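Q: Supplied in structure tokens, the structure appears directly below.
The values are calculated or read from the model by the stated rules, or taken from the named source; none is laboratory data. Here the structure is a predicted model, which is why all the values come from computation and not from measurement. A quick note on method: Cβ atoms are made from the backbone with ideal geometry, for glycine too, and the neighbour counts reach across all protein chains shown. These area figures cover heavy atoms from the full protein model, side chains too; ligands, DNA and RNA do not enter into them. Shrake-Rupley method; radii C 1.70, N 1.55, O 1.52, S 1.80 Å.
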Amino acid sequence: QLQLVESGGGLVQLGGSLRLSCAASGFTFNYYAIGWFRQAPGKEREGVSCISNSGVGTNYADSVKGRFTISRDNAKNTVYLQMNSLKPEDTAIYYCAAKTVSCSGYVHSYNYWGQGTQVTVSS
């Protein structure tokens with residue numbers, strides 16, 4: 001069974017940090033780009049960051065650039081999102097997703113999705 005499982009979410013204060021993990025199983029992980037998306041209540045799901053299958057190519061939304069860092073460890077079938085200097089507007093459910101090879105900001109281009117992990121940033 002193909003699975004992506006997020007972990008590492010929680011409640012932090014303004015300026016705090018969290019590291020999210022996305023653990024994959026059941027498919028050839030190194031053939032897939034992995035994206036992080038988030039969805040706040042009443043808003044559409046938006047792209048946050050993405051990393052190519054090789055780890056060479058990365059993309060970040062302007063709102064998180066300089067604060068978030070995406071990385072992957074193909075030996076562990078895991079992608080990470082390090083989130084620093086968190087703001088209340090970062091509050092959302094964060095999802096990881098997989099698509100073939102290269103990054104995309106279009107949610108419907110992703111084949112597999114995790115269940116999401118809640119990130120809440122208080123002021």
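Q: Could you point to the residue in 32, 10, 47 farthest towards the positive end of the range 1-68's charge dipole, with +1 and -1 charges on the Cβ of Lys/Arg and Asp/Glu respectively?
A: 10
Q: Excluding residues on the same chain fewer than 8 positions from residue 43, give the aspartates and glutamates whose Cα lies under 13 Å from its Cα.
A: Leaving aside aspartates and glutamates fewer than 8 places away in the same chain, those within reach of residue 43 are 89, 90.
Q: Express the carbon and sulfur contribution to the solvent-accessible surface of the range 1-102 as a percent, rounded to the nearest whole number, probe 1.4 angstrom.
A: C and S fraction of accessible area: 47 percent.
Q: Relative contact order for the range 1-45 using alpha-carbon pairs under 8 Å, separation at least 6, rounded to a whole percent?
A: Relative CO of the range 1-45 lands at 35 percent.
Q: If you don't mind, there's one more thing I want to ask. Report the calculated FRET efficiency for residue 65 and residue 44 (r = Cβ-Cβ distance, R0 = 22 Å), to the nearest 0.05.
A: That gives a FRET efficiency of 0.65.
Q: Note the full-extension length gain between residue 52 and residue 82 as 0.36 nm times their separation in residues minus their Cα-Cα distance, in nm to one decimal.
A: So the extension gain works out to 9.1 nm.
Q: Rg to Rh ratio, the range 1-60, alpha-carbon atoms and Kirkwood radius?
A: My calculation of the ratio gives 1.00.
Q: Using the Cα centre of the range 13-122 as the reference point, and only Cβ charges (+1 on K/R, -1 on D/E), how large is the resulting charge dipole? Debye, rounded to the nearest 20.
A: That gives the range 13-122 a dipole magnitude of about 120 debye.
Q: Below 8 Å, C-alpha to C-alpha, sequence gap of six or more: please give me the relative contact order for the range 1-120 in percent.
A: Once divided by the residue count of the range 1-120, the mean separation gives 36 percent.
Q: For the range 36-85, what are the per-bin percents of Cα-Cα distances with bins 5 Å wide, up to the bin holding the maximum?
A: Reading upward from the zero bin: 5, 20, 27, 23, 16, 7, 2, 0.
Q: In whole Hz, with x marking every Gly and Pro, tabulate ³J(HN,Hα) for the range 65-78 from phi via Karplus 6.51 cos²θ - 1.76 cosθ + 1.60, θ = phi - 60°.
A: 4, x, 10, 10, 9, 9, 8, 9, 10, 5, 5, 9, 6, 9
Q: Taking θ = phi - 60°, what integer Hz values does the Karplus form 6.51 cos²θ - 1.76 cosθ + 1.60 yield along the range 91-107, in sequence order, with x for Gly and Pro?
A: 4, 4, 8, 9, 10, 9, 8, 10, 9, 5, 6, 10, 6, 8, x, 8, 4
Q: Give me a comma-separated list of calculated 3J(HN,Hα) values for the range 26-40, in order, Karplus coefficients 6.51, -1.76, 1.60 applied at θ = phi - 60°, integers in Hz, x for any Gly or Pro.
A: Karplus-based 3J(HN,Hα) across the range 26-40 equals x, 8, 7, 4, 6, 8, 10, 6, 10, x, 10, 10, 9, 9, 8 Hz.
Q: Mean 1/r over all different Cα pairs, inverted: what Kirkwood radius does the chain give, in Å?
A: Hydrodynamic radius (Kirkwood, Cα only) of the chain equals 14.1 Å.
Q: Can you tell me the Rg and Dmax of the range 61-123, counting just the alpha carbons, in angstroms?
A: My reading of the Cα-based Rg and Dmax gives 12.9, 38 Å.
Q: Can you give me the C-alpha center-to-center distance between the range 76-104 and the range 27-49, rounded to a whole angstrom?
A: If you average the Cα positions of each part, the centres end up 6 Å apart.
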